[in-house]
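*Asks:* Here's a structure for you.
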Amino acid sequence: MTRRERVLAALDHEVPDRVPIDLAAMRSTGITAAAYGKLKRHLGLNSGHTDVYDVVQQLAQPEQAVLDYWDADVVDLGRMFLTEPDDWKDFILPDGQPARIPAFMPIEPDGKGGWLARGSDGTPIGAMPAEAYYLSQTQFPLKDWDGEDLSVLDRLPQLMDHVTWAALPCAPYHKPLGPGHLADIRRRAKTLYETTDYAVMVAFGANLLEWGQYLCRMDQFLMDLAADRRKAEALLDKLLESHLAGLEKILPAVDGYVQIIQLGDDFGTQNALQISPRLYREVFKPRQKLIYETVRKKSNLRIFLHSCGAIADIIPDLIEIGVEAINPVQTSAHGMDPARLKSEYGKDLTFWGGGCDTQRVLPEGSPAEIRAHVKERIELLSPGGGFVFTQIHNIMPHVPPANIAAMVDAVREFR
């Protein structure tokens, strides 16, 4: 099988020749830049650069040598962008390692050993203090909006763009979706499709709960959902309108060359959903359904949802509205036992993740423990297809490179 065929077989719940592997095609099951640099040194890979394509989460874009080492089967379309030296500028990681970030990223030293990100109007919107490993959002455009003047929402595209430049993960192809740019996306997608056998994923997002939190601040938006539903739903309707308009443009540009569309919304925490199942079904599910129906009507793309945490209570709802693969399959969260998930939902869902626990096993286990853990997960989740191996969420900066290598060696042995 080619790598693309292998991934599609897993999504079709057919048994592939071996378990497909992903590293960072979905950026939040990737690897932090600090861990990436240390892994390269551990492997003796001394050329190339550590390119931080997601500055918020400080995630590395894997180079070809690392994808080859990982034996990866799927890549993010975004790797086809930011390919020239001038697309990047120098950056120093919190642990002192040299790296590069996108040249368009409006970030500067804060004078105290950290970094400050500014919006398009110069407003500070993100900060990474000295010794911190991530850029945290500091400005929320709708935090003080009372919901009375709905004309404020007419500026939503500008507000979203203002936040996206620095306080949200920046897709490498984040630009206005005009005709020229859409043609460029299609050309690059065609090149990746025709010159490699990777399965290709396009990151679109279409987040609803998270965008409300990015714009209003997490606490305020959760209070709005509980106490001012009219205000919250007005914002969600505008977000839905924006997402649907974006899909109308991006789907024709990538269909035929890209196989998977990555959508996202982090509904879970470690112990429960952020909101009640009832609130999810009343407010978010109908809007998500419209998004997923648009994808199905306008393309042949497979629907992949990234949603962290304890989401077991709404998995039947996700299946009902068309989700085909879930990620990161956070098995350490409440109700997310992998055996139960496979037994109850394995015929309907592909588990794109769950392959190695990044909270305890990967950072704290011995190489032998990691090997046994990976073997167990593959044996549990791979029968009948419906499984793409990746670790649960990102590999953190403090994970020993020998442990990362043990995970990769194990999945290549048992896949």
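*Asks:* What is the one condition in (1) under 24 Å from residue 218 (Cβ atoms); (2) in a helix (DSSP H, G or I); (3) of a type in the set (Gly, Ala, Ser) that residue 126 does not satisfy?
*Replies:* The single condition residue 126 does not satisfy is (2).
*Asks:* Please give the number of the condition residue 332 fails out of (1) out of contact with any Phe, Trp or Tyr (no Cβ under 6 Å at 6 or more places or on another chain); (2) surrounded by 20 or more Cβ atoms within 10 Å (Cβ to Cβ); (3) not aromatic (Phe, Trp, Tyr).
*Replies:* (2)
*Asks:* Could you tell me whether residue 238 is basic (Lys, Arg), in a helix (DSSP H, G or I) and within 13 Å of residue 287 (Cβ to Cβ)?
*Replies:* Yes; evaluated as a whole, the condition is true for this residue.
*Asks:* A further question on this structure: Do we have any residue at all in region 357-369 that's modelled with pLDDT of 95 or more, farther than 30 Å from residue 238 by Cα and in contact with a strand residue (DSSP E or B) (Cβ under 6 Å, 6 or more places away or on another chain)?
*Replies:* No: region 357-369 contains no residue that is modelled with pLDDT of 95 or more, farther than 30 Å from residue 238 by Cα and in contact with a strand residue (DSSP E or B) (Cβ under 6 Å, 6 or more places away or on another chain).
*Asks:* Is region 40-60 home to any residue that is crowded, with 18+ Cβ neighbours inside 10 Å and in a helix (DSSP H, G or I)?
*Replies:* Looking for residues that are crowded, with 18+ Cβ neighbours inside 10 Å and in a helix (DSSP H, G or I), one finds at least one in region 40-60, hence yes.
*Asks:* Follow-up. So, residue 36, is that one more than 21 Å from residue 307 (Cα to Cα), outside any loop (DSSP other than H, G, I, E, B) and among the aromatic types (Phe, Trp, Tyr) or not?
*Replies:* Spelling it out, residue 36 is indeed more than 21 Å from residue 307 (Cα to Cα), outside any loop (DSSP other than H, G, I, E, B) and among the aromatic types (Phe, Trp, Tyr).
Results for (1) more than 29 Å from residue 126 (Cβ to Cβ); (2) at pLDDT 95 or above, shown as yes or no for each residue.
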{"residue": "40", "(1), (2)": "no, yes"}
{"residue": "43", "(1), (2)": "yes, yes"}
{"residue": "57", "(1), (2)": "no, no"}
{"residue": "69", "(1), (2)": "yes, yes"}
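So that you can scan it fast, the table gives a plain yes or no per residue for (1) surrounded by 18 or more Cβ atoms within 10 Å (Cβ to Cβ); (2) within 24 Å of the chain's Cα centre (by Cα); (3) under 19 Å from residue 22 (Cβ atoms):
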position	(1), (2), (3)
362	yes, yes, yes
368	no, no, no
371	yes, no, no
386	yes, yes, yes
390	yes, yes, yes
396	no, yes, yes
404	yes, yes, yes
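*Asks:* Going by the conditions given, is residue 78 of a type outside the set (Val, Ile, Thr), at positive phi and at pLDDT 90 or above?
*Replies:* Here the answer is no, as residue 78 does not meet what is asked.
*Asks:* Starting from residues that are within 22 Å of the chain's Cα centre (by Cα) and not in a strand (DSSP E or B), keep the ones in region 97-123 and report whichever is nearest to residue 48 (Cα to Cα).
*Replies:* Per the criteria, the residue is 103.
*Asks:* Could you list, in sequence order, the residues of region 11-26 that are hydrophobic (A, V, I, L, M, F, W, C) and not in a loop (DSSP other than H, G, I, E, B)?
*Replies:* 11, 21
*Asks:* Take the residues in region 158-202 that are crowded, with 17+ Cβ neighbours inside 10 Å and among the β-branched types (Val, Ile, Thr); name whichever of them is modelled with the lowest pLDDT.
*Replies:* Only one residue tops the list, namely 164.
*Asks:* Still on this structure: For region 83-96, enumerate the residues that are in a loop (DSSP other than H, G, I, E, B) and either modelled with pLDDT of 95 or more or more than 20 Å from residue 64 (Cβ to Cβ) (or both).
*Replies:* 93, 94, 95, 96
*Asks:* When you check residue 246 against the structure, is it under 25 Å from residue 161 (Cβ atoms), within 21 Å of the chain's Cα centre (by Cα) and either part of a loop (DSSP other than H, G, I, E, B) or at pLDDT below 95 (or both), yes or no?
*Replies:* In short, yes.
*Asks:* Further, regarding this structure: Is it the case, given these coordinates, that residue 251 is more than 21 Å from residue 215 (Cα to Cα) and touching a Ser or Thr at 6+ places or on another chain (Cβ under 9 Å)?
*Replies:* yes
The values are calculated or read from the model by the stated rules, or taken from the named source; none is laboratory data. The structure presented is a predicted model; accordingly, all values stated were derived computationally and were not measured. Don't worry about glycine lacking a Cβ; one is built from the backbone with ideal geometry, like all the others, and counts go over all protein chains shown.
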